[in-house]
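Below is one structure, written out as structure tokens; the observations come after it.
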Amino acid sequence: MNFNKQIFAIIILLLVMVSQALGHVTGRNLQNFQYNAELAPIAPIVDGYLDDPVWDRAILGKLEQDLMSGNRWRESPDFTGTFGAVWRNGFLYVAIKLVDDQLENRQKKVLREDHLIVYVDPHHSGRMEDLYRFQIPIEKEMGTLKSPLTRVAWGNGGQTCELSFRLDNLARKGNSIGFFIAYNDVDSGHLQHKIAWAPEGYTEENDHLPDLVFTARIEPTRQQKLISWGRIKSLY
Ligand SMILES: [Ca+2]
Ligand SMILES: [Ca+2]
Ligand SMILES: [Ca+2]
């Protein structure tokens with residue numbers, strides 16, 4: 001092997017090592033796992049009720065990964081959870097629908113109560129840092145909210161929820177942030193399950209955050225439709 005070939009071989013070896021290391025950091029099972037939040041034509045009203053037209057358009061995310069066992073969770077009366085997210089004018093809006101057979105929300109300690117765990121990482125670090133973690137007890141007043149969370153509203157006796165996060169110019173088409181959502185289900189006074197929106201095999205040992213991507217489908221607005229109709233008419 002001459003000198004150039006040796007250098008070449010070393011470079012290839014280094015590239016393989018670096019790519020393997022990066023693969024480890026990003027978490028192999030998070031590849032191709034992301035939520036696409038669509039641009040909303042009109043922002044939803046954060047009142048806890050999901051009757052805003054935009055929630056019909058949002059992509060449905062399912063809380064279907066059991067973080068304690070690492071197995072898939074089947075929808076059941078014990079727990080079923082879905083969510084959707086959209087963005088508009090610098091805000092990320094999240095809607096959540098929950099079914100829980102035993103709602104525990106009258107305890108003093110949050111760990112003995114049903115609660116949501118949400119991570120929003122505007123810096124896209126890829127890691128579950130406490131800074132990005134929001135612990136949201138079901139149907140309770142939360143007092144001062146940690147930034148960038150600006151509002152929490154519950155409806156239907158704790159079965160529906162709307163959240164808003166102020167992200168300013170980070171909420172823009174094509175940008176990605178770290179995002180995660182899970183439900184810690186306390187039944188009969190004990191934490192029974194932690195069910196998350198996460199890929200198969202993901203457990204609470206993992207500390208990588210999946211991506212939420214701000215998307216905008218190209219759909220002509222009513223105004224644009226009127227303009228193009230006007231142009232066609234002007235041809236005659
Ligand atoms: Ca609403
Ligand atoms: Ca339950
Ligand atoms: Ca419960």
Task: Residue check for Glu139: within 16 Å of ligand 1 (Cβ to nearest atom) and in a loop (DSSP other than H, G, I, E, B) - done: yes
Task: Residue list for the range 172-191, filter: buried (at least 16 other Cβ atoms within 10 Å of the Cβ) and of a type outside the set (Gly, Ala, Ser) - done: Asn175, Ile177, Phe179, Phe180, Ile181, Tyr183, Asn184, Asp185, Val186, Asp187, Leu191
TODO: Report yes if Gln6 is of a type outside the set (Ser, Thr, Tyr), farther than 25 Å from Phe179 by Cβ and either at pLDDT 95 or above or surrounded by 10 or more Cβ atoms within 10 Å (Cβ to Cβ) (or both), otherwise no.
DONE: yes
Open item on the list: Every residue in the range 108-119 that is more than 8 Å from ligand 3 (Cβ to nearest atom) and in contact (Cβ under 8 Å) with a residue 40 or more places away in the chain, please.
Closed with: Leu111, Arg112, Glu113, His115, Leu116, Ile117, Val118, Tyr119
Task: Within the range 93-145, considering residues that are of a type in the set (A, V, I, L, M), farther than 15 Å from Ala196 by Cβ and over 14 Å from the mean Cα position of the chain (by Cα), the one surrounded by the most Cβ atoms within 10 Å (Cβ to Cβ) - done: Ile138
Open item on the list: Residues to consider are Ala198, Ala182; find the one that is closer than 18 Å to Leu212 by Cα, part of a loop (DSSP other than H, G, I, E, B) and within 16 Å of the chain's Cα centre (by Cα).
Closed with: Ala198
Task: Test set (1) away from ligand 2 (no atom under 16 Å from the Cβ); (2) β-branched (Val, Ile, Thr); (3) under 27 Å from His208 (Cα atoms) - Thr144 fails condition number - done: (3)
Task: Complete set of residues in the range 145-176 that are under 20 Å from Thr82 (Cα atoms), away from ligand 3 (no atom under 16 Å from the Cβ) and not polar (S, T, N, Q) - done: Leu149, Arg151, Val152, Ala153, Gly155, Glu162, Leu163, Phe165
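The values are calculated or read from the model by the stated rules, or taken from the named source; none is laboratory data. Please read all numbers here as calculations on a predicted model, not as lab measurements. Backbone-built Cβ (ideal geometry, glycine too); neighbour counts: all protein chains shown.
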